[in-house]
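What follows is a set of notes on a single structure, which appears directly below.
The values are calculated or read from the model by the stated rules, or taken from the named source; none is laboratory data. The structure displayed is predicted, hence computed values, not measured ones. Methodologically, a virtual Cβ is constructed for each residue, glycine included, from the backbone with ideal geometry; neighbour enumeration extends over all protein chains shown.
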């Protein structure tokens, strides 16, 4: 049974189970306030639009609880899954050795009945991690309930490994691991926060992290901390379980000064409107975009808002004598670009035009081109796209990207009549310009009209009964002081409206900043600095602005030592409405900010930049709480923290302090982090930026970011970061063997049957080391015995010759030398330089030593087979290998486009081509078949006759190395590619115990080899490392 289903404004269905236990058995005291708590929470859920299941309310058994959750997850009818499910349970909780448990009806503690009369956190986590709803929120009001997070995290990690796609599961607990939960405290705080969440009205949903932060503010000092476990998917799918009950989407055309009683009215702008109205209506044959330019305060936003409001049939107040704006109904859409990145602007455009943007710009632009009629599209504040605050006037890089990805495509669409507002003209658009402050578009009389209107119509104005001649005199004075700024005219006029009329008031020369400060002082006459102190954090907030009351309160306290609460901020927002705006920048991002840059700059200058942003930094860190390791819980970060923390820390000079925390680096917005690292410019910031660039360019869908971060931190010698990452659960581990860069040509052969690995370096050297040990030592190649200068190494191989481990080194000068790895003895060939040009490949194995240059090859040490050179007959070899056939001595090689097969006597038997589209680079053999790797990223398997050809693995980038290796379970093909992928592909379909394994290491891999099952050695530009799965 379900309570009456409310109609959600967003069309989403949310079902909740609210229950608790008051009666217990041995070892547990009754909880008499549980009925009151359950009734309170059920009531507030209904008030905000959630369905409440009536199946269970008080004293459930474990079976009752499981049944109710199952019904909520499954929906009432088949296929009618809710979008979100909320489970709220209040009871005694306690920790056992195995899990955290919640007592149910007649539950006991310390008896043999404990398990039968309780339910574990793991059981509940399993119940809600089932297909059905998109999101689930579990809430526990119980002592030590923070301990339940371990079970939820463990299950989330297990599910991620097997790739099972279930709902996003959030956990909110009333107390930390070792804290008591006071009866009704959590429920009271939750109810208050849900009904009045302290977020901008334009924000449609309340994030779990924001909700918990607000609850902690309300709980104050009662000794318990609300904790939040947030799933890793939060950045992709914002929580929609809790709608904002105060939600009211503020349209960009909304202007607080247009509120009745404020006296403002739209004035003049006849010539600008004469050009804009035909353009946005689609009647002007000139389709070129229009750029409305002008300094801050010149009226750009007002002009665009007036057009949009008229299109909606709700025109702004218009002063007497001004023309009423006439545009067709529904013909104009206005989008605010302030603080947004380009894709979020496209999302807003889609919302306004009714053409949803779904992360595909080309498809979106095609859909706009298919609109049935032209639409006027107005984009305001394009000079303020990207990260911005009172200090930075927009981001030039973000602006250029915005022009490239948004404005240029829009300007080419026939159905879009584009108008943008910017402080200065925009390049590359080929647009017409309307400079509002220019003499052809600015009429001084418009400012005088605005001033007279405010003085005569503003509520409380002391000039309402002033003679017309005197009003005109005052308005003329305002016009002279304002120059071409409508903002200044408005402020000077409201300042005069509040003054007693005097004969010399026209001579008052108050500055804009002084007027602003005086208006703030009037908000709280007994404490003139109150409004200014409370508004200052809005001037320092980044992105969309101040995101919630909790952060706002914390920053005010840190900067001014004032203690304020929700009521104080509500009162401020109402009293200072003319100076504040709130705007939504995405589905889960909104903020309050000051409406004018002059106001923000004035307030921001009160504090040293580092001091001000240190207040934000410490407040944001404190809100995260700490985990068992006493470090910040970055998984609990809200959207504002993820987007803006790095820049706050950079401006405070504190960013380096956080660059050794892997959770921080993996939780915050990568682009905003990169910007902060660039601005910081410290050695550590530069190194972390480089490794994070590599991490961001790798495959982020394989859940191996922690493994890659440790690997890259070691590669960039960020020791503390690598150490902090090392203790975390990872899909694979890494250890660096040697720091000398290793080369793709030489590879990383590992001697089978021995304990050695041989590595070729990028500077033409060769190194040898022992398995399971760090460090490598040098191997000498052929050289001049007099000078001691050795030829650079161009090819390396290692294997068993006559049962002993040997390494063969080929050089750029055609030389070959053998090293006995067991004794360290070096053996020169009878002819130390058997070829005249570079050795491209060599192979040591049971069929002797195979050496090749681009134009010839020869085999040494195989009985019955000649060791004379074999000319390739014009074929330019890239690689050679021994063809695995019962008869020994067969050789296979590849050029860029052909495969050649030679008999043991050196006779060319055949050549053939493969379907690969680019040059062949490596060749190998398995059970008589030929394996070829190509720059197109593929590896093909062909018979020795060139038939039965098929692709057995495919990389996105060129293959850099290829080897066939055998383990107990069967044969594997080991390949690497330029994009950092190392892959093991089973070669025998009859080996069911083998599965393909692929890892993205985040850095270019030159070569790799398999030491043991599950352990690789890889060569990179940073050196040689071991990877263990």
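Here are a few things to note about the model shown:
- Meets criteria (in contact (Cβ under 8 Å) with a residue 40 or more places away in the chain, part of a loop (DSSP other than H, G, I, E, B), surrounded by 17 or more Cβ atoms within 10 Å (Cβ to Cβ) and under 37 Å from the mean Cα position of the chain (by Cα)) for residue 263: no
- Test result for residue 663, in a loop (DSSP other than H, G, I, E, B) and not assigned by TED's automatic domain parsing to the domain that holds residue 216: no
- Taken over region 456-482, the criterion of being at pLDDT 90 or above and under 46 Å from the mean Cα position of the chain (by Cα) is satisfied by no residue.
- The residue list 453, 397 contains one member that is in a helix (DSSP H, G or I) and modelled with pLDDT under 90, which is 397.
- Residue that is nearest to the chain's Cα centre (by Cα), among those in region 100-125 that are more than 14 Å from residue 90 (Cβ to Cβ) and in a helix (DSSP H, G or I): 125
- Unique match (being crowded, with 22+ Cβ neighbours inside 10 Å, assigned by TED's automatic domain parsing to the domain that holds residue 222 and in a strand (DSSP E or B)) among 199, 169: 169
- Test: residue in region 36-59 that is in a loop (DSSP other than H, G, I, E, B), modelled with pLDDT under 95, out of contact with any strand residue (DSSP E or B) (no Cβ under 9 Å at 6 or more places or on another chain) and under 30 Å from residue 247 (Cβ atoms): no
- Any chance residue 323 is in a loop (DSSP other than H, G, I, E, B), surrounded by fewer than 16 Cβ atoms within 10 Å (Cβ to Cβ) and modelled with pLDDT of 90 or more: no
- Looking at region 564-645, the helices (runs of 4 or more DSSP H) lying wholly inside it that each contain 1 or more residues that are in contact with a strand residue (DSSP E or B) (Cβ under 9 Å, 6 or more places away or on another chain) and modelled with pLDDT under 85 sit at 597-604.
- Of the residues contained in region 807-822, one or more are found to be in a loop (DSSP other than H, G, I, E, B) and modelled with pLDDT under 85.
- For region 83-108, the set of residues classified as touching a strand residue (DSSP E or B) at 6+ places or on another chain (Cβ under 6 Å) and over 28 Å from residue 42 (Cα atoms) consists of 99 only.
- Residues that are modelled with pLDDT of 80 or more and either within 20 Å of residue 153 (Cα to Cα) or part of a strand (DSSP E or B) (or both), drawn from region 212-237: 212, 225, 226, 227, 228, 229, 230, 231
- Residues that are outside any helix (DSSP H, G or I) and surrounded by 22 or more Cβ atoms within 10 Å (Cβ to Cβ) were ranked within region 60-83; the one that is farthest from the chain's Cα centre (by Cα) is 60.
- Consider region 331-364 and keep the residues that are part of a loop (DSSP other than H, G, I, E, B) and touching a helix residue (DSSP H, G or I) at 6+ places or on another chain (Cβ under 6 Å). The one that is surrounded by the most Cβ atoms within 10 Å (Cβ to Cβ) is 337.
- Of the residues making up region 672-716, those that are in a loop (DSSP other than H, G, I, E, B) and under 22 Å from residue 650 (Cα atoms) number 3.
- Listed conditions (1) within 29 Å of residue 695 (Cβ to Cβ); (2) outside the structural domain of residue 896 (by TED's automatic domain parsing) are all met by residue 918, apart from (2).
- Pairs linking a residue in region 817-836 that is under 23 Å from residue 872 (Cβ atoms) to a residue that is modelled with pLDDT under 85, with Cβ atoms under 8 Å and 6 or more positions apart or on different chains, are 832/782; 833/782.
- Lone unmet requirement of (1) crowded, with 17+ Cβ neighbours inside 10 Å; (2) modelled with pLDDT of 95 or more for residue 951: (1)
- Criterion (crowded, with 17+ Cβ neighbours inside 10 Å, out of contact with any strand residue (DSSP E or B) (no Cβ under 6 Å at 6 or more places or on another chain) and free of Cβ contacts under 8 Å to residues at least 40 places away in the same chain) met by exactly one of 487, 462, 491, 496: 491
- The listed residues are 425, 528, 501, 439, and the only one of them that is in contact with a strand residue (DSSP E or B) (Cβ under 7 Å, 6 or more places away or on another chain) and either farther than 30 Å from residue 409 by Cα or not in a helix (DSSP H, G or I) (or both) turns out to be 425.
- Some residue of region 421-431 being within 25 Å of residue 298 (Cα to Cα), surrounded by fewer than 18 Cβ atoms within 10 Å (Cβ to Cβ) and outside the structural domain of residue 339 (by TED's automatic domain parsing): no
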